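**Q** One structure coming up, written as structure tokens, with questions to follow.
Since every read-out is calculated from the coordinates, none of them should be taken as a lab result. The model shown is predicted, which means the values in this text are computed figures rather than measured ones. No Cβ is skipped: glycine too gets one built from the backbone with ideal geometry, and neighbour counts run over all protein chains shown.
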Amino acid sequence: MAFGHRPLTIPDPGSALPGRAGVMPGPGDHVVTGRALAPPFPESMETVVVGMGCFWGAERKFWETPGVWTTAVGYAGGHTPNPTYEEVCSGLTGHNEVVLVVFDPAVLGLDEMLRTFWENHDPTQGMRQGNDVGTQYRSGIYVADDAQRAVAEAGREAYAVRLAEAGFAAVTTEVLDLAAFYYAEEHHQQYLARNPMGYCGIGGTGVACPTGVLG
């Protein structure tokens, strides 16, 4: 959740925090599914990384989605290597709070999986979600390849039409190639399973997202 006033623009690489060369301690297994949070994952699985506000509530939405094999929270989309949560919340890393989603495409296609993404946050709010304000709360999809990019961009275009019809502003979701995913600290992983009464700022627009837009 937000900690006071934070910059609302992403820093350029030269002004971002330096981070560290050493990789942060790796997370354990998923406390809900018992599956690994870090690769190698089964070869049949596909991965995508999304940002949709505070990652605590966002992650729960995905681990509850049928066809999702495992989830983990972390940081992506910025410049600082191996950042801490506090550094990301400063707004000086450029990173977003994100969820790594590992899913079975034979059960759940990317188009349908991204329905969970689109319908559970407001992708028109820019550098915020509700009362959570800062660059780390922006809407984003960080893709593994050109095929994922095509699905994400088509979904963004189709959902933008639905949102405009409902009176919402323009969609601000960024669709970028995933440069790096940095795992968040252990106590942030599956936070709402560890802390059932914990903060959850996740919420959607109430507008249904079309699927099958590439079909």
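**Q** Would you mind ranking Met45, Met197, Met52 by Cβ crowding within 10 Å, fewest neighbours first? All intermediate terms of the calculation are to be shown ahead of the outcome.
**A** Working: Met45 17, Met197 6, Met52 29.
In increasing order of surrounding Cβ atoms, one gets Met197, Met45, Met52.
**Q** Also, quick follow-up: Report the convex hull volume per residue for the range 46-194, counting only C-alpha atoms, in Å³. Could you put the intermediate results ahead of the total?
**A** Values: hull volume 15.2 nm³, N = 149.
So the per-residue hull volume is 102 Å³.
**Q** Oh, and also: Please rank Ile202, Ile141, fewest neighbouring Cβ atoms within 10 Å first, as an exposure proxy.
**A** Details: Ile202 21, Ile141 28.
So the residues, fewest neighbours to most, are Ile202, Ile141.
**Q** How high is the relative contact order of the chain, given as a whole-number percent (alpha carbon pairs under 8 Å, six or more residues apart)?
**A** Working: 465 pairs, mean separation 64.1, N = 215.
That works out to 30 percent.
**Q** Classify the range 1-65 from the C-alpha gyration tensor, please: rounded if a/c falls under 1.5, else prolate or oblate depending on whether a/b exceeds b/c. Can you show the working numbers first?
**A** Details: a/c = 2.18, a/b = 1.54, b/c = 1.42.
Verdict is prolate for the range 1-65.
**Q** Residue separation times 0.36 nm, minus the C-alpha to C-alpha distance between Glu153 and Ala166: what's the value? Walk me through the intermediate numbers first.
**A** Details: separation 13, 0.36 × 13 = 4.68 nm, distance 2.00 nm.
Stretched fully, the Glu153-Ala166 segment lengthens by 2.7 nm.
**Q** To make sure I understand, if each residue's beta carbon is the centre and we count other beta carbons within 10 Å, what order do Leu110, Leu176 fall in, fewest to most?
**A** On the way: Leu110 21, Leu176 15.
Ordered from fewest to most neighbouring Cβ atoms within 10 Å, Leu110, Leu176 come out as Leu176, Leu110.
**Q** Moving on to the next point. Which whole DSSP H helices in the chain pass both tests: a Cα extent of 20 Å or more along the axis and a mean Kyte-Doolittle value no lower than 1.0?
**A** none
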